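Just below is one structure, and these are the notes that go with it.
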Amino acid sequence: MTRKRSKAGYSSPRNPVWEKRGLYMNSALKETDLKEYSEISPSTARDAGTTYDEFCGASSLIPTPLGWGLLHCTVRDKRGRQARATLATDYLTYHRTFVEAATNPNRGVGIELAVARYSYMRAGWPGPLRQGGSWPAGGPIPWNATYRDACPELIAAHHLHGLQSAPSGVARAIRVELAKGSNGAKWIMLEDEPIQAPSMIQISDSSTSFYVPPGVAVMPGWPFRAEPTPCPLPACACRIQSGDSRPNHEGVGE
C-alpha cells in the first residue's frame, strides 16, 4: 500500500500552539488583509543608496544584525472603514519564508499568518508624503504590540547608559531600558521623553549607537547580538558625565 506523502511545510515553527493562539490580540487587527511586503536590511539599504542605520531610523526601528521584515496590510478601524497598518518582525527568515509561500501563484490554498511572529505594529505604510495613510515624515512614529504580552508591563532589570545628542547640539545622559515581553518580543524604552528632534543615542557600555526619530520613547528591537548583562551597581549610582560618553560608576554620596 502506497503511503500518502504529506505536503512540505514552508516553515518549522518552534512552538506552533503558541504561534496560532489568537487570544488578547490588538483590537486594531480586525479583518487583516495583506497587500504588500517589504524588507529593511543591510542589503536593501545598499540598494536604496543609504546606510542601514538611517534606513532603520526612518522607520523608527532599531538596527538588528539581520534586518526587519514588514507586512503592509489593510484592517478595519473602529468605524468599520479600511485603514492601513504595518506589521514588523525581526525574524527575517520567517518573513522571507512566509512571503515566498503567500505569493506563490500555485499554492492553491490559503496560508495562515503567525501574527505572534510579528510582535510590532504601526498605523499606515511607508510612502510619498501626500499619499493617504503614509507614515509622517519627521513626526512621532509610535509602534504598538500586536498582542498583549508582546510589550512588557514592567521594565526589565537590564539597562545601559548612553548619551543622546540632537542636531541642535543639545546633549544629555540617558538610561536605556531593555525590556522583553513574555514571549520574547524585545523593546527599548528611554527613561523619559526624548529630545523633540531627530537625535542619535550612543551607548557607551557596548560601543553602539542608533538613530531616534522625534517624539519616540519606545522602539522595537535591540541593537545587540548578545544578551545584555545588568549593571553590577545600583541604578542610582550609575551616571554619565555631561558631554562625556564614558560611564562614571561613582556612588551618589561620593
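The values are calculated or read from the model by the stated rules, or taken from the named source; none is laboratory data. Remember, it's a predicted structure, so these values are computed and weren't measured experimentally. Here the Cβ is made from the backbone with ideal geometry for all residues, glycine too, and neighbour counts use every protein chain on show. Ligands, DNA and RNA are stripped out before the accessible areas are found, and what is left, the full protein with its side chains, is counted by its heavy atoms. Shrake-Rupley method; radii C 1.70, N 1.55, O 1.52, S 1.80 Å.
Within the range 78-118, being among the small types (Gly, Ala, Ser) and touching a strand residue (DSSP E or B) at 6+ places or on another chain (Cβ under 7 Å) holds for Ala83, Ala85, Ala88, Ala102, Ala116.
Go through the residues of the range 160-168 one by one and say whether even a single one is more than 18 Å from the chain's Cα centre (by Cα), hydroxyl-bearing (Ser, Thr, Tyr) and modelled with pLDDT of 85 or more. Yes, some residue in the range 160-168 is more than 18 Å from the chain's Cα centre (by Cα), hydroxyl-bearing (Ser, Thr, Tyr) and modelled with pLDDT of 85 or more.
Just to confirm my filter: which strands (runs of 3 or more DSSP E) fall fully inside the range 1-107 and include at least 3 residues that are at pLDDT 85 or above, open to solvent by 100 Å² or more (accessible area, probe 1.4 Å) and touching a Lys or Arg at 6+ places or on another chain (Cβ under 7 Å)? So that I can check it myself, show each step before the final result.
On the way: elements: 33-40, 68-76, 82-89.
In the range 1-107, there are no strands (runs of 3 or more DSSP E) which contain 3 or more residues that are at pLDDT 85 or above, open to solvent by 100 Å² or more (accessible area, probe 1.4 Å) and touching a Lys or Arg at 6+ places or on another chain (Cβ under 7 Å).
Being modelled with pLDDT of 80 or more and open to solvent by 20 Å² or more (accessible area, probe 1.4 Å) is not true of Ala226.
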